[in-house]
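Comments concern the structure below.
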Amino acid sequence: MREDQPCKVVCRIKLDAESTKNFKEKIDDEYRVNMILDNLPVAVLRQRRDGSQSTTYEHGFRVGFKGNYAGSKEKYFINNHLSFRVMFHKDTETDAARIVGFEVTPNSINHEYKDWDEKNPQVTTCNKDTKNLVPGSTVPQEVDLGKEVVFTYDVTFKESDIKWASRWDTYLLMNDDQIHWFSIINSLMIVLFLSGMVAMIMMRTLYKDISNYNQLETQDEAQEETGWKLVHGDVFRAPNNYGLLCVYVGTGVQIFAMTLVTMIFALLGFLSPSNRGGLMTAMVLLWVFMGIFAGYSSARLYKMFKGTEWKRNTLKTAFMFPGVLFVIFFVLNALIWGEQSSGAVPFGTMIALVCLWFGISVPLVFVGSYLGFKKPAIEDPVKTNKIPRQIPEQAWYMKPLFSILIGGILPFGAVFIELFFILTSIWLNQFYYIFGFLFIVFIILIITCAEITIVLCYFQLCSEDYYWWWRSYLTAGSSAFYLFLYSIFYFFTKLEITKLVSGILYFGYMVIVSYAFFVLTGTIGFYACFWFVRKIYSSVKID
């Protein structure tokens with residue numbers, strides 16, 4: 001610490017056919033080397049594109065580069081000399097110092113030496129006295145079969161005014177806050193437009209409808225009922241596969257609770273990028289502990305539908321969604337293992353995840369389910385007829401497939417700009433830390449899902465179609481379909497992935513994300529619609 005190191009030789013290697021091929025591939029694919037010093041990632045200084053004087057950091061340094069040297073054809077060169085600059089902040093009272101910056105300047109140098117001494121190797125292309133590279137010796141190190149590569153580094157320490165508490169600020173310098181504000185204003189416009197529509201339906205249409213229905217005096221007038229009042233005897237009829245709907249709604253509540261609490265923790269600064277892996281750990285643990293809400297909400301709904309097999313319902317809630325995720329994750333991890341990548345999740349960690357799932361999540365789902373079934377069943381505001389009524393022929397735009405697909409466009413539109421930043425941070429080696437923006441977008445997503453589902457549900461009931469249970473879930477949930485389409489578009493326009501395993505990995509993880517997004521948005525839409533339908537039918541007098 002605080003002792004400069006001039007030209008240190010690490011090792012020399014001779015490139016064989018395999019390592020030459022490997023290096024060339026890595027240079028082609030723009031691989032980066034990442035190092036960590038005192039929990040700070042190594043960074044290369046980069047000037048801002050907008051011409052301002054401030055600098056930003058590029059994470060990691062490139063393995064090498066392609067170029068022409070001395071008029072030759074394009075060749076591959078490796079960065080084999082690293083100049084590290086470590087910034088430290090000195091405590092004025094104790095003379096102790098703490099590391100506040102870790103920068104590197106990578107160079108490609110064809111090192112020369114007289115005699116190679118294994119114990120104390122020296123190269124002539126580094127000058128020990130001036131502590132830097134000898135001028136004129138900057139012939140780059142070519143990557144080719146039989147070439148000898150000597151790896152070297154030097155370290156300089158520099159005092160800095162940056163305090164230890166704010167040493168991450170440069171890493172998290174934001175270039176595109178204007179785009180974020182633009183995306184939030186764009187999303188707010190969608191929300192205002194939808195809120196206006198919902199308010200109009202609630203105030204004008206419903207108010208008029210309810211007052212008309214409640215003033216019906218003669219039986220003749222009662223015969224002329226139209227619209228949503230007509231289906232009052234069928235609107236609370238249990239849907240097909242209501243058990244599955246309960247399972248998905250319970251799982252959605254679990255995801256919603258996990259997301260909300262994770263975001264609040266992140267907003268308070270507990271999950272900053274400096275706390276490596278903190279975000280994923282928090283999400284897994286919160287998911288496990290939120291199992292109690294999944295069991296409770298699933299059981300309440302199941303009891304309302306007069307379901308009898310509560311144990312089967314609880315087991316499905318505990319195993320269905322995590323089971324699908326685990327299978328996909330296990331297959332993807334097996335592929336990474338096959339590639340012998342260090343990115344593979346160790347077998348011990350997989351066992352630990354299964355233990356968390358079976359040891360904490362499943363029992364909590366059963367506890368929640370027990371509490372839910374102990375509660376009295378939710379009473380319907382109107383009685384359900386014995387015989388279901390005929391649904392009239394629907395207009396083309398009220399057909400299920402069309403209205404479900406239309407419903408997903410607006411929630412996706414409200415979040416897709418933020419989604420671009422999230423995908424970039426996951427797949428293009430950048431930090432994501434703008435949780436304030438993310439929280440605002442999440443609130444906008446909730447409101448948009450709720451409002452679009454209510455609007456479309458009202459139109460559906462007005463056209464005397466009372467199959468709204470699944471439709472309300474799928475209407476908001478279909479935004480996940482657009483999310484997956486966008487991830488395909490992002491793959492082909494922004495990423496340069498050529499290897500099959502990498503492609504499978506990308507789409508595998510995007511399937512998991514889209515599936516979770518489907519369950520989350522679907523549940524929000526369902527509960528909004530459930531509240532709305534109960535509200536309008538409980539405010540109408542029905543003989």
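What to note about this one:
- For Cys126, the residues 5 or more places off, or on other chains, whose built amide H falls under 5 Å of its own are Val134.
- Residues whose placed amide H lies under 5 Å from that of Gly64, excluding near-sequence neighbours: Asn79
- Extension gain, Lys163 back to Trp337 (0.36 nm per residue minus Cα-Cα distance, nm): 58.5 nm
- The mean sequence distance of close C-alpha pairs (under 8 Å, at least 6 residues apart), as a share of the length of the chain, puts its relative contact order at 15 percent.
- Of the solvent-accessible surface of the chain, computed with a 1.4 Å probe over protein heavy atoms with every protein chain present, carbon and sulfur atoms account for 61 percent.
- Under 5 Å from the amide H of Met87 lie the amide H atoms of Val100, Gly101, Phe102, Glu103, Lys158, each residue being 5 or more positions distant or on a separate chain, with H modelled from the backbone and absent for Pro and chain starts.
- Segment Arg389-Asp38, length gained on full extension (0.36 nm per residue, minus Cα span): 119.3 nm
- Among beta bridges that DSSP assigns inside the chain, antiparallel share in %, nearest 5: 80
- Loop-located GluC sites (Glu not before Pro) in segment 63-124, at most 10 other Cβ atoms within 10 Å (DSSP): Glu74, Glu93, Glu118
- In the set (i) -0.32, -0.44, -0.96, -1.08; (ii) -0.20, -0.29, -0.84, -1.03; (iii) -0.26, -0.38, -0.98, -1.14, the label that goes with log10 I(q)/I(0) by the Debye sum over Cα atoms at q = 0.05, 0.06, 0.10, 0.11 Å⁻¹ computed for this structure is (i).
- For segment 380-542, the solvent-accessible area of protein heavy atoms averages 45 Å² per residue (probe radius 1.4 Å; ligands and nucleic acids excluded).
- Value at 222 nm in deg cm²/dmol, rounded to 500, when DSSP H runs of n ≥ 4 in the chain each add -39,500 (n - 2.57): -17000 deg cm²/dmol
- Coupling constants for segment 395-403 follow from the phi torsions by the Karplus curve (6.51 cos²θ - 1.76 cosθ + 1.60, θ = phi - 60°), and in residue order they are 5, 4, 7, 9, 5, x, 4, 5, 5 Hz; glycine and proline get x.
- Using θ = phi - 60° and Karplus 6.51 cos²θ - 1.76 cosθ + 1.60, couplings along segment 86-96 (whole Hz; Gly, Pro as x): 9, 8, 10, 10, 8, 7, 5, 7, 9, 6, 6
- Taken over segment 380-542, the percentage of Cα pairs per 10 Å bin, counting from 0 up to the bin with the maximum distance, is 10, 33, 28, 17, 9, 3, 0.
- Of Lys208/Lys535; Lys303/Lys374; Lys8/Lys75, pairs whose Cα-Cα distance is over 19 Å: Lys8/Lys75
The values are calculated or read from the model by the stated rules, or taken from the named source; none is laboratory data. All values reported here derive from a predicted model rather than from experimental measurement. Virtual Cβ from ideal backbone geometry, glycine too; neighbours counted across all protein chains shown. All accessible areas refer to the heavy atoms of the entire protein, side chains included, with ligands and DNA or RNA removed. Shrake-Rupley method; radii C 1.70, N 1.55, O 1.52, S 1.80 Å.
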